[in-house]
Amino acid sequence: MKATVTYIHHNCFILKESSWTFLFDYPGDRFLTAKMREVLTNELRDSKACIFASHSHQDHFNPKLMDLVKITSQAVLVLSEDIIKNYPRFGKVENCIIAKPSETYELEKLRIKSFPSNDLGVAYLIQDEELTFYFGGDLAKWSWDDFTPEERRWMEEHFQNTIKILAQHRIDIAFGNTDPRLPNWAGAAEFIQTIKPKLFVPMHTFGDLDSLGRFMKELGATESNIFQYRKTGDQIEF
């Protein structure tokens, strides 16, 4: 199956395949430029869209999401449970799946499995007839300086337990956090080496796109293809 991935900003990407246009983690207005809005509009207009949001943090969720829904031909929302708690009106939206951790949902020929995040919300594993892809949300190997040893251990164990489960699947495309603020890149190298996705899409850069070159240099040779985007609207074909 042919698919195209388009970079918007931070954790916001569009994945297009033959049946669906998938949008992930559309961020709040303060993160969006005119160019980002233009690309989003062009990619989503008149499409059959499945719009995912992993959690309610402003860099991952925009409460004006319904403005994008209006330009699609039809849309299904998949929103984490914490979004509904913070924005109850979305619980009344037609064609909205409220994603709780560790659940599986069926949508036409899609199978969507949610994983509890070690930050907030969920990560998603989506299986279509010919394509399997993973979107990590804020699930990562977080390792901040102010963590206690117990917090650091819990974060690492949660991350490692999740990728052990994911490694049981053949994952074609994986969107994983590669946060440049952390020396360990939020566990991206470990994720790639364990999961071995055919295409790895780094994210959670806050627009620091120069960091992707540094990450790839430190990563070295890998079986996975890495999407090194350089600006909003850059695409890669799978």
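Quick notes on this one:
- Members of segment 150-170 found to be touching a strand residue (DSSP E or B) at 6+ places or on another chain (Cβ under 9 Å) and free of Cβ contacts under 8 Å to residues at least 40 places away in the same chain, listed by number: ARG170
Table: residues versus (1) closer than 18 Å to TYR105 by Cβ; (2) open to solvent by 30 Å² or more (accessible area, probe 1.4 Å); (3) not hydrophobic (A, V, I, L, M, F, W, C).
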site	(1), (2), (3)
MET36	no, no, no
SER56	no, no, yes
LYS92	no, yes, yes
ASN95	yes, yes, yes
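- Contact map, segment 197-221: residues that are touching a residue at least 40 places away in the same chain (Cβ under 8 Å) paired with residues that are in a helix (DSSP H, G or I), Cβ distance under 6 Å, separation 6+ or inter-chain. Pairs shown: THR205/SER211.
- Failed item in (1) of a type outside the set (S, T, N, Q); (2) farther than 23 Å from THR205 by Cα; (3) exposed (fewer than 13 other Cβ atoms within 10 Å of the Cβ), with TRP144 passing the rest: (2)
- PHE147 being more than 18 Å from HIS60 (Cβ to Cβ) and free of Cβ contacts under 8 Å to residues at least 12 places away in the same chain: yes
- Selection status of ALA174, among the aliphatic types (A, V, I, L, M), out of contact with any strand residue (DSSP E or B) (no Cβ under 9 Å at 6 or more places or on another chain) and closer than 30 Å to GLU106 by Cβ: no
- Every residue from segment 72-85 that is exposed (fewer than 13 other Cβ atoms within 10 Å of the Cβ) and either assigned to a helix (DSSP H, G or I) or under 16 Å from the mean Cα position of the chain (by Cα) (or both): LYS85
- Residues that are in contact with a strand residue (DSSP E or B) (Cβ under 9 Å, 6 or more places away or on another chain) and outside any loop (DSSP other than H, G, I, E, B) were ranked within segment 204-218; the one that is surrounded by the fewest Cβ atoms within 10 Å (Cβ to Cβ) is MET216.
- Qualifying residue in segment 101-120 (condition: under 14 Å from the mean Cα position of the chain (by Cα), within 17 Å of ILE165 (Cβ to Cβ) and open to solvent by 50 Å² or more (accessible area, probe 1.4 Å)): yes
The values are calculated or read from the model by the stated rules, or taken from the named source; none is laboratory data. It should be emphasised that the depicted structure is a prediction, and the values quoted were computed from it without experimental measurement. Every residue, glycine as well, gets a Cβ built from its backbone with ideal geometry; the counts of neighbours run over all protein chains shown. We work out accessible area using only protein heavy atoms, side chains counted, and drop any ligands, DNA or RNA first. Shrake-Rupley method; radii C 1.70, N 1.55, O 1.52, S 1.80 Å.
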